[in-house]
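K.L.:
Got a structure here, written out as structure tokens. Questions coming.
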Amino acid sequence: MPKKNFYNQNIKEVVDQFASDKSRGLSQAVANQKLKTDGPNVLNKAKRTTLLQKFINQFKDFMIAILAVAAVIAAMTGELVDAIFILLVVVLNAIFGVFQESKAEDAIEALKKMSTPNANVRRDGKVVSLPATELVTGDIVLMEAGDIVPADLRLIEANSLKIEEAALTGESVPVEKSAAVLRSKKPSLGDRHNMVFMNTNVTYGRGVGIVVATGMKTEVGHIASMLEQTKESATPLQANLKQLGKSLTYLILVISIIVFVIGIIKGAESWVNMLLTAISIAVAAIPEGLPAIVTITLALGTGRLAKKNALMRRLAAVETLGSTEIIGSDKTGTLTQNKMTVEKYVVSNQVVDADQPIKKDPTAEKLALVMALNNDTKMTEEGLLGDPTETALISFNEKQGQDLNHLFNRMPRVAEIPFDSERKLMTTVNKNSNQYIVTVKGAPDELLRRTSKIEISGKVSVLTNENRQKLLEINHRLAKQALRVLAFAYQNVKEVPGKLTSKAVEKDLVFVGFVAMIDPERPEVAQAVKEARRAGIRPIMITGDHKDTAAAIARRLGILTADQGPEAVITGAQLDQIPDDKFQDSVTQYSVYARVAPEHKVRIVNAWKKRGKVVAMTGDGVNDAPALKTADIGVAMGITGTEVSKGASDMVLADDNFATIVNAVKEGRTVFANIQKALQYLLSSNLAEVMTLFTMTILGWELFAPVMILWINLVTDTFPAIALGLEPSETGIMNRPPRGKTSSFLSDGVGIAIIWQGIVQALTVLAVYALAIAYPDHAGNINLIHRDALTMAFMTLGLMQLFNAFNVKSVYQSIFKIRPFANKYFNGAILFSLLSMAIVVFLPGLNDIFHVSDLNLGQWLIVLAASFSIILIVEVVKLFEHLVLKKR
């Protein structure tokens, strides 16, 4: 069994372990046997669930199950319309869920699709092109610029080889590779410079490597395994609804049993009638419209987010955004542009911003000339093609108005010494009229050792030790700002050296300047971070990039604040030394994680979750996928994001704009607030109905006919509640702290408001009924007296709920401060419900169906005054809470 730490072994050791040969590779016979034993070089297929299984899974929700039982009970008691309505809500909710909620199995499928089609391999001493799926361990693979790495390889040869690993490690620039043995025993993935990994890209140079892992045993396969093993956690919304459903069920059962028992003891009705009464109370108490209201509110929120470039893959995740307390963000491509850019240049011992014109200084023009000539970027119709560092240099020249095509035609390249990681330099020789110009670029310290002169303001002079030290200080200062610094030099020669070697031409150079580059932060991110902090959300950076680079970007963005020192930045290697229990205790002190592996990201997310925090994780690479799935809400980038990260996420940013997350958080908070308003309205209304029926039963009063309760539930519960889901955001919603996991729909005073508002409504309805009995309009006719009383109580109950809908638009604020008529859908719903209630009384044909009578003006005035009283009572309570309890 081969050892795993191939990066610590020399080439011969690795080759011998796999019984291979550097020059000949494996024999076809051995390769066939290995392929049969180990299987093809592919990732496991995800276990797919059928549409029927997905549909059935929708009914595992506790509230949905209770509603299904309620529908059966309603049908058994003859309330067929109620039963059909409940079942329709349940089925539509399940169908919507099937098509809206994506499964994490898509992530594994996306990983599988990333497999490379072909690879150049040595078999039996010949180089052949094979499907990547046929590779086996021990195969010798040849790579060049433009190739996709087909498996995990230990390098045997590396000629100026650079690999772009951003999707796997988060490294913002291509990594220089070499075949040298690593001394570090546990290097991070990004520091394994003699290894290349499946599905990364060769951007420069050539290389030869031996396959050490295929399929699910590769680093990408390891991530796929993590995704398979990672369980999706319930969103706060789902947890809240589940707990609410259980609580309501228990409460309703208790009330129904009490009503049944009291009725039997009093002997007013037969046990059959009392059983039907108890069941009717139970059905009336269940907010059957809640799942539909939640689904509609979430769907509408999803639509609004889509218009703001936030695409939701899981419906319930819309609300989760609003409770987010931690946003863990990848750096490369998420907080930054994933595009190297020249930020500053240094000429004549002066640091100059890149947007300053080079024509102000002849040495700056010379620097631009050298960086253009010493460059392998290809200019195509599709754009610049080449190493990101070199394309950044060409982009700088283009922005400065340089005619590069004319320059390359006038000064063609005639010779070169390619870059290599040992000397850290690249040299070109270009014809310049009757002479030649040698240009050199590379690491500042290496190049300065080879320079003897310096050009300042167009004049060449001797490079003194004092000047050299000053340049090194400038380089150090720029490097501390996380800028990648390249040095440039040149010399004019009369002829091309006969022997083009480093020793022959990279000497006595004229230093011309530095260029400082960075993968710049997105311009809108700093403001988004500021807004997130104002909303009580803590942003943290989790990246595979270097510690200094990550820290510098974090400070520029405000993720690292002024009062946070170096101790707020930690590397993956340091994290490995901290046990899980201690890390959970200390996780709050870290704001930046650098050089981390996929396992670290999952561990960070889990540490915050164990502290009870709602965690969102953003990312775009394969390496982000496990953490995206583990987080309460995973946010993938839509443009730069891999299909793997999108498949594992709950939300995709169509514009890759971090600021879009802040807008999405606001929408999430609004969605939760609107569901909470609808819930407060529904539960206070249902509580009023239950308490009214409960009290009437105990007092032996005549009860509402089942059709009355059904009508109130249908016209006054559903439509206004749905309309409340369309309420605009309340002022200052982003100035509130996040709700977090401990919060629920009944928090923030809503639970108490439901109880006392339900009690007030029930007492008012009972008072109207008692008043109608005490002061009847039809003296002596007991049947008409009771019918009038029931009609007045029925209308008071319905209208009072509609008036209370205005109250629940805000828990604490007065309705006169929140523009009560701003929501046109709400206005329409209230008007429709009012007309639906009134038509029952005013249309003679419906009187008998609903067992109501035509009321006179005095009776209507009592009904209207009693119904409107709920607004006055709630306003007084809100004023008391504001002045005495100091609530907002």
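K.L.:
Listed highest first by mean packing, meaning other Cβ atoms within 10 Å per residue, what order do 735-746, 374-385 come in? The partial results should precede the final answer.
P.N.:
Working: 735-746: 16.8, 374-385: 14.5.
Packing order, densest peptide first, comes out as 735-746, 374-385.
K.L.:
From the mean inverse distance of alpha carbon pairs (Kirkwood) and the Cα radius of gyration, derive Rg over Rh for segment 526-606. Walk me through the numbers on the way to the answer.
P.N.:
On the way: Rg = 12.4 Å, Rh = 12.9 Å.
That ratio equals 0.96.
K.L.:
Nearest 5 percent is fine: what portion of the DSSP beta bridges confined to the chain is antiparallel?
P.N.:
Values: 76 of 100 bridges.
Antiparallel bridges: around 75 percent, rounded to the nearest 5.
K.L.:
Using only the alpha carbon atoms of the chain, find the Kirkwood hydrodynamic radius as the inverse mean reciprocal pair distance, in angstroms to one decimal.
P.N.:
Details: mean 1/r = 0.0312 Å⁻¹.
One decimal place: 32.1 Å for the Kirkwood radius.
K.L.:
What is the sum of charges around GLY383, taking Lys and Arg as +1, Asp and Glu as -1, for the other residues whose C-beta is under 12 Å from the C-beta of GLY383? It would help to have the intermediate numbers written out before the result.
P.N.:
Details: positive: LYS339, LYS378; negative: GLU381, GLU382, GLU398.
Taking every other residue near GLY383 into account, the sum is -1.
K.L.:
With the convex hull built on the Cα atoms of segment 418-545, state its orientation-averaged projected area in nm².
P.N.:
11.4
K.L.:
If you don't mind, there's one more thing I want to ask. Write down Rg/Rh for segment 344-516, rounded to two decimals, with Rg from the C-alpha atoms and Rh from the Kirkwood relation over Cα pairs.
P.N.:
Values: Rg = 15.1 Å, Rh = 16.2 Å.
Using only Cα positions, Rg/Rh for segment 344-516 is 0.93.
K.L.:
Looking at this model, which pairs from LYS339/LYS441; LYS177/LYS582; LYS530/LYS878 are more than 24 angstrom apart at the alpha-carbon?
P.N.:
On the way: LYS339/LYS441 20 Å; LYS177/LYS582 36 Å; LYS530/LYS878 32 Å.
Over 24 Å apart, Cα to Cα: LYS177/LYS582; LYS530/LYS878.
K.L.:
Here are some pairs, LYS126/LYS503; LYS646/LYS666; LYS507/LYS547; LYS629/LYS666; LYS547/LYS666; which of them have Cα atoms lying more than 30 Å apart in this structure?
P.N.:
On the way: LYS126/LYS503 36 Å; LYS646/LYS666 22 Å; LYS507/LYS547 34 Å; LYS629/LYS666 22 Å; LYS547/LYS666 32 Å.
Violating the 30 Å Cα-Cα cut-off are LYS126/LYS503; LYS507/LYS547; LYS547/LYS666.
K.L.:
Just order 493-506, 332-345 by mean Cβ neighbour count inside 10 Å, highest at the front, would you?
P.N.:
Details: 493-506: 12.1, 332-345: 22.8.
The peptides rank, most packed first, as 332-345, 493-506.
K.L.:
Can you compute the helix-only [θ] at 222 nm over the chain? Use -39500 (n - 2.57) per DSSP H run of at least 4 residues, normalise by all residues, nearest 500 deg cm²/dmol. Intermediate values should be presented prior to the final figure.
P.N.:
Numbers: 33 runs with 428 residues, N = 888.
Value at 222 nm, helices only, nearest 500: -15500 deg cm²/dmol.
K.L.:
What ranking, highest mean first, results for peptides 208-215, 655-662, 33-40 when packing means the other Cβ atoms within 10 Å averaged over each residue? Provide the component values of the computation, followed by the final result.
P.N.:
Numbers: 208-215: 24.4, 655-662: 22.1, 33-40: 13.9.
Ranking the peptides 208-215, 655-662, 33-40 by packing returns 208-215, 655-662, 33-40.
K.L.:
Which angle between 0 and 90 degrees, to the nearest 10, do you get for helix 750-774 versus the longest principal axis of the chain when only C-alpha atoms count?
P.N.:
20
K.L.:
How far is helix 62-76 tilted off the main Cα axis of the chain, in degrees rounded to 10, range 0 to 90?
P.N.:
So the inclination is approximately 30 degrees.
K.L.:
Beyond 12 Å, what percent of the Cα pairs of segment 321-368 remain?
P.N.:
Details: 812 of 1128 pairs.
Pairs farther apart than 12 Å: 72 percent.
K.L.:
With everything on Cα atoms, drop me the angle between helix 782-807 and the longest principal axis of the chain, reported from 0 to 90° to the nearest 10.
P.N.:
Once rounded, the angle reads 20 degrees.
Coordinate-derived values only; no laboratory data. Nothing here was measured: the structure is a model prediction, and the numbers come from that model. Here Cβ is always computed from backbone atoms with ideal geometry, including for glycine, and neighbour counts include all displayed protein chains.
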